[in-house]
Amino acid sequence: MTQLWPVLLALALPAAATSNYDCSTICQTLASALPNLVTFPNSTAYAIHNNYWSARQSDVHPACFVAPRTAQDVATAVQLLTAHDAPFSVKAGGHTAFEGGSNIPAGVTLTLVHLDAVAVSADRQTVSVGAGNRWINVSEALDPLGLAVVAGRSSTVGVSGLTLGGGISYFSGMRGWACDNVRNYEVVLASGDVVNASPAENEDLYWALRGGGGSNFGIVTRFDLVSFEQGDLWASSNVYPGAANRTLIPMMHELLVKGLPDDPAAHTYFVMTHTAELGGYAVLSDEFHATHSDVASPPAVFAPFFDPALPTLAINTRVSNISRLSRDIEQANGLRQTWWDTTVAATATPDLLLDIVPLWEENIAPLLAAAAADNSTISPYLIYHPISSNILEAMQVNGGNALGLKPEDGPLMIVQLNLAWTSAAMDELVETSSKELIEKVNALAASRGASSKNGYVYMNYAGKTQDVYAGYGKQNVAKLRRVAKKYDPREKFGELWQGYFKL
Ligand SMILES: Cc1cc2nc3c(=O)[nH]c(=O)nc-3n(C[C@H](O)[C@H](O)[C@H](O)COP(=O)(O)OP(=O)(O)OC[C@H]3O[C@@H](n4cnc5c(N)ncnc54)[C@H](O)[C@@H]3O)c2cc1C
C-alpha cells in the first residue's frame with residue numbers, strides 16, 4: 001500500500017538540477033514512498049532487474065530500480081522523479097539492443113515487471129494486459145481459450161516496447177501491426193495523472209501512442225488489446241545454403257508483390273546468416289499461416305519453397321500453438337547485440353534485394369575476421385521483412401496510426417541488420433560498420449528509383465543513432481510534438497526520460 005506522507009514531504013523539497021544529479025537521494029525518497037519496491041546495487045533483486053536481452057544494456061547500472069505494482073505506484077514514482085528533475089528510464093521486456101535504451105547509468109530505472117495481469121473480457125473480444133508482460137504470458141493465457149492477439153513473434157519480448165513502436169505479427173497480413181489492435185491504453189502522464197487513451201477519450205494521445213514510441217508521452221500501465229478466435233498456426237522453418245539466395249530472393253520478391261496480398265493469412269520473413277555450424281553462409285525462410293492446418297503439405301502461397309529441386313538443408317514444419325512457435329523464435333539473453341534497419345520500396349524486379357546481399361557479405365567479412373583475431377564470436381544476420389500492400393491497408397484501421405505508412409507507399413521491404421557478439425572490444429567496430437552498410441543500402445536503393453519510403457527506419461529495429469521519426473513525415477512529427485506538449489506541458493518526459501528515440 002502506497003504511503004502518502006513521504007510523497008507529500010518529498011514533493012515539498014526543492015528540485016535538483018538534472019546535470020550531475022546524484023540519484024542516491026531520490027532513490028531513498030522513492031524507497032520511503034514505495035516500501036519494498038525499490039532495490040539497490042549488490043542485492044539479488046537488483047541483479048535480477050539488471051538482466052537484459054542485450055549485454056550492452058546489462059552493462060549499465062542505475063542507482064536503483066523501482067518496481068511498481070500498480071498504476072498508482074507508477075504515478076507516485078513519476079511525481080517524485082519529475083518534482084526532483086531526476087533522470088530515469090523505463091524497462092518493460094528489456095529487449096532494446098543498445099545500451100541505455102531501457103536502463104540508465106546512475107539514474108532511476110522503473111521496471112514494470114510486476115504489472116503482469118492478463119484478463120480476458122466476458123465477451124472474449126478484449127484482453128487487458130499489464131505493461132510489464134512479455135508475449136509468452138499473453139499467449140499462455142490465450143492459447144487454452146482458442147484466442148489470440150496481434151502479438152510479437154518471440155516469447156520473451158515485451159508487450160510494451162513492441163506495441164508502442166508498431167509491432168510486426170504473424171497476423172499482420174489480416175489485421176495490421178500490434179499498435180493497430182489496441183482498444184485503449186491506461187497511461188500515467190508526467191503530472192502523475194492516470195488517464196485512458198482510446199477513440200472515445202484523449203483521442204490525440206491514442207493516435208500518438210500507436211507507433212509514436214514510448215518515451216515521449218507517458219508510461220503505459222495497461223494495454224486493452226483486440227482479441228480474436230484463433231486455433232493453431234501452420235509454420236515452417238526452411239534452411240538452405242547461402243548460395244541459394246539467388247533463387248530464393250526472387251521467390252521472396254514474388255511473395256512481397258503478389259503472394260502475400262493474395263493470401264493475407266500468410267506471414268513470412270527471410271534471414272541470411274553466416275555460421276560455422278552450417279559451414280558458412282545460410283538462408284532461412286520462416287513461414288507462417290493462420291488458417292492452414294495440414295502439416296503434410298504447405299499452403300499454396302509457400303509451395304515454391306518446398307520444391308524438391310531446391311538444395312534444402314533442413315525443413316521443420318509444424319502446426320502448433322502460438323506459445324510454442326514464439327519459443328522457437330526466442331533468442332537468449334546475454335550476448336552483445338545491435339539492430340539497425342532501413343526500408344526499400346519494391347522495384348519491378350528482385351535485383352535490388354539480390355544486390356544488397358553482396359554488400360552485406362562485404363560488410364561482415366572484416367567483422368568475422370576481427371572476431372576470429374580477438375578469439376571471440378560474432379553472428380551476423382541480414383533479415384528481410386515484407387510489408388506487402390495488404391499489411392499497409394490493414395494498418396489504416398482506426399483512422400491510421402502515427403507511423404506514416406500508407407498503402408500507396410508500398411509494397412515495402414524492411415531490411416534489418418542484427419549482429420550478436422561476445423567481446424566489448426568489438427562494440428565500436430560493429431556500430432560503425434552497421435551504419436556504413438545502412439548508408440550503402442540506402443544509396444543503392446536510391447540509384448534504382450525514387451520512393452518517399454526508401455530509407456524509412458522502423459523504430460523497433462533501429463540503431464541508437466538512427467533518425468526514426470524522419471520517415472513518419474513532417475505533418476505526423478508536428479502532430480506528435482503537439483500531443484507530447486499537450487500532455488506534458490513542462491516537457492518533463494522530454495528532458496528526464498532518457499535513452500530512447502526522442503521527438
Ligand atoms: C528476439 C527479439 C524478437 C523480436 N520480435 C519482434 C517482432 O516479432 N515484431 C516486432 O515488431 N518487433 C520485434 N522485436 C523488436 C521489439 O519490438 C523491440 O525491441 C521492442 O522495443 C522491445 O520491447 P521491450 O518492452 O522488450 O523493450 P524495452 O527495452 O523494455 O522498451 C523499449 C522502449 O519502450 C519504452 N517503454 C517500455 N515500456 C513502456 C511503457 N509501458 N510505456 C511507455 N514506454 C515504455 C522503454 O523506455 C524503451 O524506451 C524483437 C526483438 C527481439 C530482441
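Read-outs: derived from the displayed coordinates by stated rules, not from any lab. These figures come from a predicted structure and were not determined experimentally. Cβ atoms come from the backbone with ideal geometry, glycine included; neighbour counts cover every protein chain shown.
Explain nothing, just the number: dipole magnitude of the chain about its Cα centre with +1 on each Lys and Arg Cβ and -1 on each Asp and Glu Cβ, in debye rounded to the nearest 20. Don't jump to the answer; show the numbers that get you there.
Working: 31 positive and 46 negative charges, 180 e Å.
Charge dipole, the chain, about its Cα centre: 860 debye, nearest 20.
Every cysteine in the chain with no other Cys Cβ under 4.7 Å from its Cβ, please list them in numeric order.
CYS23, CYS179
Any chance you could get the radius of gyration and Dmax over the Cα atoms of segment 204-282, in Å?
19.2, 52
Kindly state, as a whole number, the per residue volume in cubic angstrom of the convex hull around the alpha carbon atoms of segment 244-291.
Numbers: hull volume 3.3 nm³, N = 48.
Each residue corresponds to 69 Å³ of Cα convex hull volume.
Lysines within cross-link reach of LYS258: Cα-Cα under 20 Å, excluding same-chain residues under 8 positions apart?
Those lysines meeting the cut-off are LYS406, LYS453.
Contour minus end-to-end for SER320 and ASP374, with contour as 0.36 nm per residue of separation and end-to-end as the Cα-Cα distance?
Working: separation 54, 0.36 × 54 = 19.44 nm, distance 4.14 nm.
Roughly 15.3 nm would be gained on extension.
Can you tally the net charge around LEU405? Count Lys and Arg as +1, Asp and Glu as -1, for every other residue whose Cβ sits under 13 Å from the Cβ of LEU405. Don't skip to the end; give the middle numbers.
Values: positive: ARG210, LYS406, LYS453; negative: ASP180, GLU393, GLU408, ASP409.
Net charge around LEU405: -1.
List the relative contact order of the chain as a percent without decimals, with contacts defined as Cα pairs under 8 Å and 6+ residues apart.
Details: 1117 pairs, mean separation 83.1, N = 503.
About 17 percent, as a whole number.
Taking Cα centroids, how far is segment 25-74 from segment 368-443 in Å?
For segment 25-74 versus segment 368-443, the Cα centre distance is 31 Å.
Using only the alpha carbons of segment 404-503, determine the length spanned along each of the three principal axes and report them from longest to shortest in whole angstroms.
41, 40, 16
Excluding LEU142 itself, what net charge comes from residues whose Cβ is under 12 Å from its Cβ, given Lys and Arg +1 and Asp and Glu -1?
Working: positive: ARG124; negative: GLU140, ASP143, GLU229.
Charge balance near LEU142 sits at -2.
Kirkwood hydrodynamic radius, segment 20-151, all distinct C-alpha pairs: what's the number in Å?
Values: mean 1/r = 0.0638 Å⁻¹.
Kirkwood hydrodynamic radius for segment 20-151: 15.7 Å.
Net charge within 12 Å of THR347 by Cβ-Cβ distance, Lys/Arg positive one each and Asp/Glu negative one each, not counting THR347 itself?
Values: positive: ARG448; negative: ASP351, ASP355.
Computed value for this residue: -1.
As a footprinting exposure proxy, order GLU99, GLU229, GLU393 by other Cβ within 10 Å, with the fewest listed first. Show your work: numbers first, answer last.
Numbers: GLU99 21, GLU229 9, GLU393 16.
Going from sparsest to densest Cβ surroundings: GLU229, GLU393, GLU99.
Calculate the all-directions average of the projected area of the chain's alpha-carbon convex hull, and give it in nm².
Values: hull surface 91.7 nm².
Its Cα hull, projected and averaged over all orientations, spans 22.9 nm².
Just the Cα atoms of segment 99-242, one point each, no solvent: what log10 I(q)/I(0) does Debye give at q = 0.12, 0.13, 0.19 Å⁻¹?
Log-scaled intensity ratios, in q order: -0.50, -0.58, -1.15.
Note down the magnitude of the dipole of segment 53-208 about its Cα centre, charges +1 on Lys and Arg C-beta and -1 on Asp and Glu C-beta and zero elsewhere, to the nearest 20 debye.
On the way: 8 positive and 14 negative charges, 85 e Å.
Charge dipole, segment 53-208, about its Cα centre: 400 debye, nearest 20.
Enumerate the lysines that LYS486 could reach by cross-link, defined here as Cα to Cα under 24 Å, with residues fewer than 8 away along the same chain left out.
By straight Cα distance, LYS486 reaches LYS474, LYS502.
If each DSSP helix of 4+ residues adds -39,500 (n - 2.57) and the sum is divided by the residues in the chain, what number results at 222 nm, nearest 500 deg cm²/dmol?
Numbers: 16 runs with 155 residues, N = 503.
Computed ellipticity for the chain at 222 nm equals -9000 deg cm²/dmol.
Among ASP328, ASP263, rank each residue by its count of other Cβ atoms within 10 Å, from fewest to most, as a rough exposure measure. Before the final figure, lay out the partial values.
Details: ASP328 15, ASP263 22.
By the 10 Å Cβ count, ascending: ASP328, ASP263.
Among all the aspartates and glutamates, which ones have a C-alpha under 20 Å from LYS492's C-alpha, if same-chain residues fewer than 8 places away are not counted?
Once the sequence-local aspartates and glutamates are set aside, what remains near LYS492 is ASP22, ASP73, ASP85, GLU186, ASP193, ASP204.
Taking loop as defined by DSSP and a crowding limit of 13 other beta carbons within 10 Å, which GluC sites (Glu not before Pro) in segment 399-499 fit? Present the calculation step by step, with values, prior to reporting the outcome.
Details: sites: GLU408, GLU428, GLU431, GLU436, GLU439, GLU491, GLU495; in loops: GLU491.
Taking segment 399-499 and a limit of 13 other Cβ atoms within 10 Å, the loop GluC sites (Glu not before Pro) found are GLU491.
Let me test this: with uniform point scatterers at the alpha carbons of segment 233-468, what is the Debye-based log₁₀ I(q)/I(0) at q = 0.12 1/Å?
The computed values of log10 I(q)/I(0) come out as -0.70.
Give the distance, in whole Å, between the Cα centre of segment 156-218 and the Cα centre of segment 309-363.
Each part's Cα centre sits 26 Å from the other's.
What are the extents of the Cα atoms of segment 305-427 along their three principal axes, listed from largest to smallest and rounded to whole Å?
51, 35, 33
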